[in-house]
Structure formats: C-alpha cells, structure tokens
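Here the structure comes first, spelled out in structure tokens, and everything after it is commentary.
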Amino acid sequence: MKDNFLGIPSSYLANMAERDNGEMIPILPTEEEDDKLAAEGIPDVLPILPLKNTVLFPGVVIPITVGRQKSIRLVKRAYKGDRIIGVVAQRTDTAEEPSTEDLFGVGTVAHIIKMLVLPDGNTTIIIQGKRRFSIEEIVQTDPYMKARIQLITENFPDVRKKETKALIQSLKDIASKILKLNPEIPQEAQIALDNIESPSFLTHFLSSNINADVAEKQELLEINDGMQRATKLMTAMMKDVQMLELKHEIQNKVHKDIDEQQRDYFIRQQIKVLQDELGQEGSEQEIEALRERGMKKNWPDAVAQQFNKELDKILRMNPAAAEYPVAMSYAELLVDLPWDEYTKDNFNLVRARKILDADHYGMEKVKERILEYLAVLKLKNNMKAPILCLYGPPGVGKTSLGRSIARALNRKYVRMSLGGVHDEAEIRGHRRTYVGAMPGRIIQNLKKVGYSNPVYILDEIDKVGSDFRGDPSSALLEVLDPEQNSTFADNYLEVEYDLSKVLFIATANSLDTIQPALRDRMEIIEITGYTLEEKVQIAKRHLIPKQREEHGLSGKDLQFTEKGIIKVIEGYTRESGVRSLERKIGAVARRVARYVAMEEDYQRSIRPEQVTEILGAEIFDRELYEDNGRAGVVTGLAWTAAGGEILFVESVLSRGKGKLTLSGQLGDVMKESAVAALSYLKANANRLGVPYQLFDHYDIHLHVPAGAVPKDGPSAGVTILTSLASVFTQRRIKKLAMTGEITLRGKILPVGGIKEKILAARRAGIREVILCKSNQKDVKELEAELLKDLTIHYVTTAEEVLELALSKDKVEEPIELSWPQDHTAEKEKANA
C-alpha cells in the first residue's frame with residue numbers, strides 16, 4: 001500500500017470496515033465519535049507494535065502485514081483480548097529487532113479490526129488509530145515489547161472560528177486539486193473527503209496520505225497544536241500540488257511531441273514511397289539530417305555557405321552517379337569536424353609540475369621550460385609562441401612528455417608519426433578532383449579526436465622524406481607557423497581551418513636533417529641521455545611496476561635489487577634512453593611469470609646472478625679505458641644517436657714513403673680532420689720533438705675500431721692529433737679522454753654533445769677529460785652530480801692538448817724509428 005496522497009485509492013479502501021453481510025462501508029469518524037473514543041478506557045500499559053515505513057494517525061484505518069515473530073505473537077494475543085495495541089514508527093527500517101532507541105517517542109493507540117492469516121505464513125491485520133500517546137517507560141521486551149504510555153489530548157480550536165473554517169476549507173481545496181491532477185485516484189475519494197467533518201480527523205487523514213517520508217509524517221503526528229499541524233500539512237500538500245502540476249505539464253508536452261513525431265513519421269513514409277518510385281530511397285532524408293546537424297554547428301559563415309551549397313548540389317544529383325558518394329563524404333567531413341569545440345584547459349601549474357614529476361624522473365631543465373611555456377599560455381591564452389621541439393636520442397621520453405603535457409592541461413592527446421612521410425598530400429590532403437581523394441592527416445586526426453585544441457605530437461619530424469610527390473617539410477611550415485596556421489588550407493577541405501588553438505609539439509632524434517626554415521619555426525629543447533643513477537631510479541619508479549602489471553605479477557612476485565638493475569643496464573643495454581632497459585626487464589618478468597604459473601620455486605629478488613641466468617651472457621662489455629701500454633692508442637669521446645660513447649683511435653707506422661691510410665668507415669669530415677692533424681704535426685715537428693725525416697720514410701695507418709659502424713664529425717680532431725703525436729714520439733698516453741676540433745693553426749674549436757660525452761667518460765671509468773675552453777659554458781649547465789670526481793681540462797691550442805695527454809715516459813716497448821744511413825748527419829742534428 002502506498003503511503004502518499006497518490007495512493008488514496010488504497011488508503012480509501014483501507015479506511016473501510018466489513019459488515020457481517022460482507023458489505024464494505026467507509027469509516028469516517030464524526031465529532032461525537034471522537035468524543036466517544038476519548039472516553040473509552042485505554043490501559044496505561046500497552047503492547048507496542050513497531051512499524052517500518054509507516055506512521056499511523058488517529059482515526060485512520062490501514063492494513064499491516066506482520067512478519068516478525070515478536071510482532072506475530074503480540075498481534076495474536078491482542079486479537080484474542082481487547083484488541084488494543086500501541087503502534088510506533090521505527091526511526092530506520094534496517095532494525096529487525098528494534099530497541100527503545102530505534103523507535104520514535106510518540107505513537108498511536110490502535111484497535112485491531114480484523115486479522116487474516118495468509119497462505120505464505122504472514123499475518124495481515126487491519127487497524128484503526130484512536131489516540132496519540134507518548135512512551136513513558138518500557139516495561140517489557142520479551143516475548144514482545146510493552147510500554148507504559150501517557151495519552152495526548154487533541155488540541156484543535158473551535159471549528160466555528162473563521163480562521164479554523166478557512167484553514168479547513170483550504171486543506172479540502174488543496175486535496176481536491178490533488179485529486180483532479182491525479183487521474184489514478186477514483187472519484188469516490190472526493191466523496192469520502194467531502195464527508196469528513198472533524199477538523200482533527202481531516203488533518204490526520206490528509207497527513208497519512210501526503211507524499212512525505214516517515215520523519216516528516218512523524219513530525220506532524222507529534223505536533224499537538226491543531227492549527228500548527230494544519231499549517232505545516234498545507235505546506236507539504238502544496239509541494240505535492242506543484243509536483244503534480246509539473247508532472248502534468250511534462251506529460252502534456254510529451255503527448256504533443258509524440259503527436260508531432262507521428263505526423264512527421266506519416267509524412268516521411270509518404271516521401272519514402274515517392275522516392276522508392278523514383279529510385280531515390282533514403283537520399284533526401286540523409287541530406288536533410290546533415291543539414292539539421294549543420295544548423296547546430298557554430299562554424300564560420302564561409303563554411304556554412306560552402307556546406308549548404310554542397311548539400312544543394314547533392315540534392316540535384318542522381319544517387320547512382322559516381323560523384324554522389326564523393327560529395328556526401330565531403331559534406332559529412334565538414335559537419336564532423338570540431339570547428340568550435342574545445343576542451344577546457346586546466347592551468348593549475350602546481351598540478352602540472354606534479355604530473356611531470358610523477359611521469360618522468362630527472363629532466364629538471366626540460367620540465368622548467370615546459371612550465372614556463374604553460375605559464376605564458378595561461379597568461380596570454382593563445383598560441384602565439386614558438387612550437388616546441390623535443391630533441392634527443394631515442395628512448396629518453398620525448399613522446400611521453402607530450403602525453404604528460406596533455407594530461408596536465410586536461411586536453412586530448414593526438415600523435416602523428418612523420419617517419420617516412422614523403423607525400424605532401426599526407427599533410428595538406430588531396431584535391432577532390434582526384435579519385436580516392438582524402439583530407440590530410442592533420443584534419444583527419446582532428447576529426448577523430450573531436451576537439452580543436454588537442455596536444456598534437458608531430459613525432460620523428462627529422463625523418464620526413466622528400467621526392468617527386470612534393471616536400472612534406474615545406475607543407476609543415478604553414479602548420480607550425482603561429483602567424484599562418486589560423487588559416488590553414490587543406491586541399492580537400494577547400495575552406496580555411498583554424499589550427500591556432502592546437503598545441504603542437506615536435507620530436508626529433510637529430511637536427512641535421514630538419515629543413516632550416518622548419519627548424520627556425522621551432523624552439524629546440526634538448527633532452528639528453530640519462531646517467532646510470534637516473535636509469536636505476538627510472539627502473540624502480542616506472543619500468544619495473546609497469547612490467548609487473550603487464551605480465552600479471554604482484555609486488556611480491558618480482559623484485560629487483562639495485563645491483564641487479566645495474567647489471568641489466570651495464571651488461572645488456574647500451575643506450576642513452578631506457579627503451580632497451582624496459583625490454584630486458586620485460587624479459588626477466590616473462591621468466592618470472594613462467595615460474596609463477598608453473599608454481600616453481602625461484603628467487604623473487606633479482607640479483608646480478610639471476611640476471612645472468614635469465615638473460616644469458618652479457619651482450620656488451622663495459623666501455624672501459626684500455627691502458628695497453630702501446631703508443632698511438634687514444635681514447636676519444638663521440639656523440640651518437642643512442643647517446644655518448646668512447647672510441648679508440650689507433651695509429652701505427654710502417655716502412656714506406658709517407659702514405660696516410662685511413663680505415664674504419666670514416667666520413668669526409670673525419671678524414672679531413674686526420675689530414676689536418678697530420679699537416680699540423682709535420683709543420684710543428686721540430687717543436688714537438690719529431691724528426692721530420694720520419695714522414696718521408698714511414699707510412700701511417702690510422703684506424704678507428706668497429707669498422708662496420710660509420711663515423712663522421714669534426715670532434716675527433718684532437719684525438720687523431722694525439723694518436724699521431726704518440727706514435728711518432730713513442731710516448732705513453734695518460735688515462736684520459738678528449739674531444740674537440742683542430743685547425744691547421746693548432747687552434748681547438750668547440751663541439752656539441754658535451755653531456756653525452758661526459759656520461760660516456762664516466763661509464764668508462766675515466767675521470768679526466770680534455771675539452772675546448774669554449775665548451776666551458778656547456779659544462780656549467782650540467783648537473784653537479786655528473787661532474788663529481790671528474791677533472792676537466794680546458795684548452796685552446798694543440799700544444800696544450802699534447803702537453804696534457806702525452807706522458808714524458810716512453811711506452812714499455814718503444815719502436816726504434818730510423819731512416820737510411822746517408823742521413824746520419826741529419827739524424828744526429830735532429831737528436832741534438
């Protein structure tokens with residue numbers, strides 16, 4: 001039974017008693033009956049029946065289904081006796097064995113009119129409220145609850161007063177309005193309402209049926225002042241009226257919409273029949289659906305005109321024509337593009353810093369530059385700033401930095417790989433005159449992401465190709481120029497599209513292959529390789545947890561000791577980034593997953609021994625300094641795409657006519673460095689203590705090991721010079737490494753990749769490095785941790801290099817250099 005005014009039919013039926021002949025008559029007490037009830041003898045101690053979700057009011061008749069054993073015992077005993085019980089509502093409906101605290105303090109004396117035992121074992125009683133009471137004391141809890149009560153006298157003003165009459169009439173008017181607004185309530189309910197004369201019973205009757213929860217109804221029951229109760233009841237009923245009026249309004253609107261939809265449906269069906277006859281089934285509906293979508297778009301007027309013009313042209317086409325699907329595809333693209341749809345930026349830079357720190361370890365200068373970029377974006381709220389280009393070796397986190405920026409700004413993330421792109425149409429799109437024409441990938445990705453301000457990663461921008469199909473690098477100039485990209489023109493789109501809100505971030509491994517004009521439009525942010533310590537922390541914080549999750553392992557299944565991580569880094573990877581390191585950790589995780597799946601015993605903490613057992617023999621030897629005691633072997637520092645490495649330059653002399661042989665796949669620049677170094681050595685032979693006759697009687701072979709690996713660059717100049725000077729003087733080379741370009745005058749010029757080269761020296765165990773003095777500014781930008789225990793010599797001339805690099809001692813087994821006897825006098829003079 002519903003306990004609200006919408007449930008009046010059931011309440012009305014509940015307010016009926018059964019005569020002996022089976023006829024049902026409504027029980028609506030009069031004033032005299034109320035007085036009679038007040039005069040009836042009600043005991044001071046009553047059995048208490050707790051009710052869930054129901055409040056019984058005096059004079060109201062309701063059916064109650066009793067299911068709890070205590071309540072069944074109470075009802076059966078009372079029904080055999082005087083049929084008088086106390087009914088009290090529970091504060092919550094969760095208590096199955098309610099205590100004193102679970103019951104309200106005010107209830108209603110009830111008379112059991114009838115009791116029915118149902119086939120499912122439950123007992124249903126029909127009870128009528130009589131008088132309100134308050135619980136004074138609980139005197140019994142078993143086999144059911146009994147309490148000492150205090151009856152509450154009804155306090156309602158004289159019904160003959162104007163205020164009372166007006167209030168009672170208002171209550172009846174509001175109740176009648178509810179009955180009219182609710183078609184589910186039968187008309188007999190109005191008759192019952194009109195027959196209620198007692199103002200006290202009227203308030204109780206209406207309170208029992210309003211749409212309110214137990215607490216609100218209990219509050220009405222506890223109010224002793226009749227006028228106050230009636231006023232509060234009127235407020236609650238007015239809420240019911242407002243809800244019903246709103247519901248009625250909504251239903252009328254729905255019926256109206258349904259009628260319009262039915263009308264539109266019939267018209268569409270007629271159009272469909274006509275189109276079926278003409279062979280144009282569904283075409284017009286599709287076009288009109290597109291037009292409706294276009295009317296909702298907030299796009300420029302020029303685009304709207306182009307769109308409607310295209311639809312008008314499609315309407316005049318035969319659906320069987322070849323141009324029809326092309327035109328439809330174009331119209332659908334126009335309406336699908338996010339012309340004026342943007343995600344809301346989150347410019348909380350503190351949050352952005354936390355996200356960058358959580359996703360990436362180290363890279364402090366890079367993070368600071370990104371935060372500065374976001375700060376300017378926050379203050380200006382536009383993209384009139386250089387496009388960022390994250391430049392560094394593979395695996396250092398360039399692409400994932402872009403993803404972190406998107407997460408920090410709360411923007412969508414789009415990645416477009418430019419590696420191998422050699423067709424200009426990939427960027428600008430094809431003209432619609434071509435068969436199979438498509439928009440460029442810039443526009444396609446914006447359509448896919450659904451917003452016009454994503455973080456757009458242009459990955460591997462240094463690997464863009466160029467051939468007879470055009471130059472994609474030149475096409476990117478418009479995309480990446482903040483002054484031009486607000487009117488980006490895609491060949492397929494034919495209308496201008498605004499790219500100024502897109503945050504473009506490019507990534508590159510090398511700057512040499514990027515077109516100069518394109519590079520000029522980007523701000524280069526260099527991301528260098530990681531130190532050993534940084535790789536260990538990255539593995540602990542990111543790589544190992546990620547591989548555990550991807551292989552279904554828990555923290556207790558797989559753990560790495562720090563020495564185990566270092567073993568993987570030094571013995572199985574040789575890179576500036578951490579991509580290979582992640583693969584090797586994944587290989588260890590797969591082996592552990594096998595152990596776990598097969599329930600085998602294994603060592604859960606991975607140490608160096610377990611690393612060797614799982615991954616096999618070490619792939620790489622550590623790049624260690626080799627002091628083999630031979631002349632002409634010098635340690636140089638080189639930059640590669642995978643980071644810094646040390647390389648050895650070897651020189652040997654053999655009897656000949658002064659021929660210079662170079663090997664080791666050297667590039668043109670490196671060959672020129674070797675020629676320049678030899679020329680300097682010849683020009684300054686006397687000053688360096690080298691007999692000039694040796695150059696005419698000995699051939700020189702200069703080799704850079706790992707001959708299968710191409711090498712080029714000017715930074716090996718000082719290394720080659722030192723190697724040649726060592727082999728001609730047979731002097732030992734100190735334990736150090738060097739890098740720098742040399743000129744014929746013996747001047748040392750600066751080179752790049754200083755951080756990677758210093759990292760390579762540290763990995764090789766070298767603690768003494770020779771650099772050009774002009775590179776001192778690059779060293780100052782490095783972290784103090786990289787320079788710890790490292791001695792750096794800054795030089796400006798070749799003489800300083802040789803003074804620092806060559807020991808005054810001869811090698812252990814020097815080669816005796818000589819020339820023909822007819823030159824004895826010159827030899828003695830040279831030795832003198």
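Less than 5 angstrom separates the built amide H of L660 from those of I700, all sequence-distant by 5 or more or on a different chain.
Here the Karplus curve 6.51 cos²θ - 1.76 cosθ + 1.60, taken at θ = phi - 60°, turns the phi angles of the stretch 419-426 into couplings of x, x, 6, 10, 10, 4, 5, 4 Hz, with x standing for Gly and Pro.
Taking N as the number of residues in the stretch 365-499, what is its Cα Rg relative to 2.2 N^0.38 Å?
Against the compact-globule rule of thumb, the ratio is 1.09.
Using the crude model of +1 on Lys and Arg Cβ and -1 on Asp and Glu Cβ, and no other charge, please compute the dipole size for the chain relative to its Cα centre, in debye to 20. Before the final figure, lay out each step's value.
Details: 114 positive and 125 negative charges, 386 e Å.
For this selection, approximately 1860 debye.
Overall shape of the stretch 633-810 was characterised from the C-alpha gyration tensor. The equivalent ellipsoid obtained from it has semi-axes of 26, 17, 14 Å, in decreasing order. For helix 754-763, what angle does its Cα long axis make with the longest principal axis of the chain, in degrees from 0 to 90 and rounded to 10? With both axes taken from Cα atoms, the answer is about 90 degrees.
Please label the shape of the stretch 174-251 as rounded, prolate or oblate, based on the square roots a ≥ b ≥ c of the eigenvalues of the alpha-carbon gyration tensor (a/c under 1.5 means rounded; beyond that, a/b larger than b/c means prolate, else oblate). Oblate, because a/c is 1.5 or more while a/b does not exceed b/c.
For a quick protection proxy, order the peptides 349-360, 517-528 by their average other-Cβ count within 10 Å, most packed first. Mind showing how you got there, number by number?
Working: 349-360: 15.7, 517-528: 17.9.
By packing density, highest mean first, the sequence is 517-528, 349-360.
Expressed to the nearest 5 percent, the antiparallel share of DSSP beta bridges inside the stretch 633-810 is 60 percent. Within the same chain, lysines fewer than 8 places from K146 are excluded, and of the rest, those with a Cα less than 21 Å from its Cα are K52, K70, K76, K80, K130. Per-residue Cβ neighbour counts within 10 Å put M328, M243 in the sequence M243, M328, beginning with the fewest. Here the contact order of the chain, divided by its residue count and restricted to Cα pairs under 8 Å and six or more residues apart, works out to 7 percent. Selection among I585, H542, T612 by position relative to the dipole of the stretch 532-615 gives H542 as farthest towards the positive end (Cβ unit charges, Cα centre). Rounded to two decimals, the Cα radius of gyration of the chain over 2.2 N^0.38 Å is 1.65. As a proxy for reagent exposure, S473, S807 were ordered by neighbouring Cβ count within 10 angstrom, fewest first; the result is S807, S473.
In terms of packing, defined here as the mean over residues of other Cβ atoms within 10 angstrom, the peptides 175-181, 249-255 line up highest first as 175-181, 249-255. On the principal axes of its alpha-carbon atoms, the stretch 532-615 has extents of 37, 23, 17 Å, going from largest to smallest. Each peptide in 584-595, 646-657 receives the mean, over its residues, of other Cβ atoms within 10 Å, and ordering these scores from highest gives 584-595, 646-657. The count of lysine pairs in the stretch 532-615 whose Cα atoms are under 16 Å apart, excluding pairs fewer than 8 places apart on the same chain, comes to 12. The lysines within cross-link reach of K810, meaning a Cα-to-Cα straight distance under 16 Å and a gap of 8 or more places when in the same chain, are K734, K735. In order along the stretch 731-736, phi translates into HN-Hα couplings of 9, 5, 9, 5, 7, 7 Hz, rounded to whole numbers, per the Karplus curve 6.51 cos²θ - 1.76 cosθ + 1.60 with θ = phi - 60° and x for Gly and Pro. The lysine pair tally for the stretch 349-526, using Cα distances under 21 Å and a gap of 8 or more places or different chains, is 25.
All of the numbers you see were taken from the coordinates with simple rules; none came from a lab. Treat the numbers as computed from the prediction; the structure is a model and nothing was measured. Glycine gets a Cβ as well: all are built from the backbone with ideal geometry, and neighbour counts include every protein chain shown.
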